[in-house]
1. At 0.36 nm per residue, and after removing the present C-alpha to C-alpha distance, how many nm does the segment from D274 to T107 gain when stretched out fully?
2. How much length is gained if the chain between R135 and I311 is pulled fully straight, taking 0.36 nm per residue apart and subtracting their Cα-Cα distance, in nm to one decimal?
3. Taking the alpha-carbon centroid of each part, what is the distance from region 280-316 to region 233-270 in angstrom?
4. If I stretch the segment between K377 and E281 completely, what's the gain in nm (0.36 nm per residue apart, minus their alpha carbon distance), one decimal?
5. What's the FRET efficiency of E176 with R220 using the Cβ-Cβ distance as r and R₀ = 22 Å, to the nearest 0.05?
6. Normalising by the residue count of region 141-265, find the relative contact order in percent from Cα pairs under 8 Å and 6+ residues apart.
7. List the relative contact order of region 302-401 as a percent without decimals, with contacts defined as Cα pairs under 8 Å and 6+ residues apart.
8. Given points 7 Å out from each Cα along the Cα-Cβ axis, report the I118 to R154 separation in nanometres with one decimal.
Amino acid sequence: MSFTIQKSLGNTFFRFAVARRREFRSIDSNPELSTGPSGEFVRHRPEIFYVADLRSIRNPEMPAPRSIAGVSFWSSLFDGTRRGWAMVGMIVFGIMIMLMGCAVAGTKGAPGFIEIFIGLALAGTPLFITFQKRRHIRTEEDRARREREDRDKRNAELLGAYTSALEKLREDPSDENLDLVMRENEKLDMPYAVWADTAIATVLYVGFSTLARLGPERAREVAQLMDRSSDAAGLIAEDALAVKHALYSSILWHFLADDRLGQEQLKIVRAVQDGFGIKSEDVPHDASAEAQFERLRGVDHRNAPRCEANIPMHLNEYCMYSVQVRTGENESTPIYITNKRVVVGGDKKIEVQVKHIDDLFVDADRNRVVVRASELKRPLDFHADEPIYLTAMLDLATRLDDRPKSFA
């Protein structure tokens, strides 16, 4: 078996299978990127399992306004506040008086009708007040709707012009189109969240297409163009920086997924990293993933690692890896991986025979590991600082066969 890693990049959500990592000398010296001009994965090793969802660039849309028509009458009456409770209590009290009045009217006649009228008044007042309130809100909404329709019409035109300018920028990131995007962005008078995703996707696309055209050796120029595009599109500094990090992550992770991060490819990654001014501490998840994959290079059943463990070992059993993992918020517990089983410590230890493990999954965005096994009612689900290396040790344990050769 092998295990699966899930990773979300700037414009891609993908999964790939991880098998034994190749030695440096077996990796080709082909300097081509594994990332295409649209940010897509370019496969060089057909035997690698890979599936991705390349997100398209969507046009921004104005959010639909909320109307009182979408709120039921009873929700308006009872809104969960103290006033709402008082309204409900008034109705209930009024109904009780009406019932008492009906009983009195049946025995004493006229005096009961007075109580019925009082009950009707008590029960009907909250309903009348709510009806009047909703009618007033509808009147105000109609007035606001007419104003909003005029405003939305103008905003739609401005948003359409801005979107058109972004499309031209994606086709040709020239100075003229950068100026056009800036002018159209300055006219926008709507929340940042409405158009930010389209602008971010545009800047990322400009980065990928320019990198494919200029090459990694001119990564500094690519970064400068992305900065200019972010400024023209109106991105905040946090998002402008995140876009460059997303491009770098795509370059790195596509090489990792293709198992092509050799000496020549590593030069490309470093060229992009240096050109973009990205330090390892700026992208800790990416730096950790690269280190974990490098640590796994060449490791197989012939040189399985060994370590000390604070649990008793069975015959011909040895510990391969032990570490603290997080099973919940602020909850930490040790996990031991041996050549025969997985032991999760804590008040109630969980043991799983490695031969019963069916599936291993890593969520690289959250450092999450999921282990599914036939003898478990529910999967093991925890977070680790080195989820890729930990899962690789689990995977390696399932491949070991320590039986005497005569039994193999």
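1. Contour length minus the Cα-Cα distance gives 50.6 nm.
2. Full extension of this stretch gives 56.1 nm more.
3. Region 280-316 and region 233-270 have Cα centres spaced 24 Å from each other.
4. Roughly 30.6 nm would be gained on extension.
5. 0.45
6. Computed value for region 141-265: 24 percent relative contact order.
7. 21
8. The two pseudo-label positions are separated by 5.8 nm.
Values quoted throughout were computed directly from the atomic coordinates according to the rules given, and no laboratory measurement underlies them. If you're wondering where the values come from, they're calculated on a predicted model, not measured in any experiment. Cβ atoms come from the backbone with ideal geometry, glycine included; neighbour counts cover every protein chain shown.
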